[in-house]
Structures are given as C-alpha cells and as structure tokens.
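Structure record follows, encoded as structure tokens.
Each value in this text was obtained by applying a stated rule to the coordinates, not by laboratory testing. In this text, all values refer to a predicted model and were calculated from it rather than measured experimentally. Quick reminder, even Gly has a Cβ in these numbers, built from the backbone with ideal geometry, and neighbours come from all protein chains shown.
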Amino acid sequence: MTSPFTHPWLLIGALIAVAALYVVLPVVMQAFWRYRRPRTFVCPDTGGQVEIHLDAAHAAVGAAYDQHPHLRVKQCALWPDRRNCEQACLKQA
C-alpha cells in the first residue's frame with residue numbers, strides 16, 4: 001500500500017475536491033433552488049404582469065463564480081411574439 005506522502009498531487013487533488021464539495025456545492029445548490037420556480041414580474045414593454053421561468057442551471061453555475069449570478073429568461077408567457085426582447089424585467093429579480 002502506498003503512502004499519501006509518496007504522491008502529494010493526489011493528496012492536493014483530494015483536498016481540492018473536498019473543498020469544492022463543502023464550499024462550492026452549497027452555493028450552487030442555493031442559487032438553483034432560489035431561481036427554479038416561475039416568477040411574476042411587470043413587463044417593461046407591455047406594462048402588464050407576466051410569468052417567466054429563469055434559467056436556474058445557468059444562475060447556479062454563475063453563482064459559483066460571482067456573488068450576483070447572471071440571470072436569463074428560459075421561458076416567458078409572452079413568447080414567441082416577444083422572444084427578442086431586452087429582458088429588462090430581470091432588473092426586478
């Protein structure tokens with residue numbers, strides 16, 4: 001049986017994996033759970049209320065790198081008619 005001291009890179013890799021598990025994973029999961037449900041916003045273009053679905057997976061990955069994840073609309077009740085909108089409703093999120 002080999003000692004972990006004979007392969008220090010293996011030990012370093014294991015420490016990084018454990019750190020990722022206990023530090024990064026909770027942040028990613030919290031962001032995913034926060035943005036996974038549909039939300040109702042006021043559409044800046046029409047002035048009416050609209051239900052949108054945010055891209056929770058994209059927000060979760062972004063949360064691992066930044067405190068404020070980059071949000072984008074995955075689905076909107078006004079699509080496909082207004083599919084190319086500026087998504088200014090995300091400022092309300």
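Determine by what factor the alpha-carbon radius of gyration of the chain differs from 2.2 N^0.38 Å, reporting the quotient.
Cα-based Rg divided by the globular estimate yields 1.61.
Could you tell me how many degrees, from 0 to 90 and to the nearest 10, lie between the Cα long axis of helix 25-35 and the main elongation axis, the longest principal axis, of the Cα atoms of the chain?
Compared with the principal axis, the helix lies near 10 degrees.
Where is the GNM fluctuation largest for the chain (alpha-carbon springs, 10 angstrom cutoff): Tyr65, Tyr22, Tyr35?
Fluctuation is largest for Tyr22.
For Leu54, which sequence-distant residues (separation of 5 or more, or a different chain) have an amide H within less than 5 Å of its own amide H, given hydrogens modelled in the peptide plane?
HN-HN under 5 Å from Leu54: Arg39, Lys74.
Points 7 angstrom from Cα along the Cβ direction at Thr40 and Trp79: gap in nanometres?
Here the answer is 2.1 nm between the modelled labels.
Quote the charge dipole size of the stretch 8-92 about the Cα centre in Debye, to the nearest 20; the model charges only the Cβ of Lys and Arg (+1) and of Asp and Glu (-1). Each step should come with its number before you reach the end.
On the way: 9 positive and 6 negative charges, 31 e Å.
Using only the charged Cβ atoms, the result is roughly 160 debye.
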